[in-house]
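Just below is one structure, and these are the notes that go with it.
The values are calculated or read from the model by the stated rules, or taken from the named source; none is laboratory data. Everything quoted here is computed from the prediction, not taken from an experiment. Counting neighbours? That spans all protein chains shown, and the Cβs are built from the backbone with ideal geometry, glycine included. Each accessible area value is taken on the protein alone, full model and side chains, heavy atoms only, with ligands, DNA and RNA left out. Shrake-Rupley method; radii C 1.70, N 1.55, O 1.52, S 1.80 Å.
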Amino acid sequence: MEGGIFTYLIFIGVLIFGVYVLCFFVPLGIWFTAQLSGVRISLIDLIDMKIRRVAPAPIVRSLIMAAKAGIDIQKDSLEAHTMAGGNVENVMKGLIMARNKDMDLSFRVACKLDLAGKDLTKTSPISNH
């Protein structure tokens, strides 16, 4: 009888550990938010980001902003900018502001400005390009 209790305790321990690992590696909340916002990103992509130590939340928020503004941007481009030390949300806000003001600002130029330390939410860095 004691062997049966021990087996159940091991099973419960493994189950709790599995749930912890699942919650840590699989950002279900971010995935769910993306799905509700119309951004199609897979759980595998989000887990991949976590493994590569790229924060998935700013990427997904930027993809949502882009989708709502009608800007076509690739997840991989945002990841690359993040890995280069850039702020993807700053870039996306700058692109949206430039688009709303009928300014021609490419993603590449916005990334360069962001990496140079420019705040793209201000009008002055955008108007110079």
Here the qualifying pairs (Cβ atoms under 9 Å; residues six or more apart or on different chains; first in the stretch 1-22 and surrounded by 10 or more Cβ atoms within 10 Å (Cβ to Cβ); second at pLDDT below 95) come out as Leu22/Leu28
Of those in the stretch 69-86 that are part of a loop (DSSP other than H, G, I, E, B) and among the hydrophobic types (A, V, I, L, M, F, W, C), the residue surrounded by the most Cβ atoms within 10 Å (Cβ to Cβ) is Ile73
Subset of the stretch 59-91, residues under 15 Å from Thr121 (Cβ atoms) and under 12 Å from the mean Cα position of the chain (by Cα), comes to Arg61, Ser62, Met65, Asn87, Val88, Glu89
If we keep only residues of the stretch 41-68 that are closer than 14 Å to His81 by Cα and not in a helix (DSSP H, G or I), then the residue most open to solvent (accessible area, probe 1.4 Å) is Arg53
When the stretch 87-113 is checked residue by residue, the ones that are farther than 16 Å from Ala67 by Cα, assigned to a helix (DSSP H, G or I) and touching a residue at least 24 places away in the same chain (Cβ under 8 Å) are Cys111
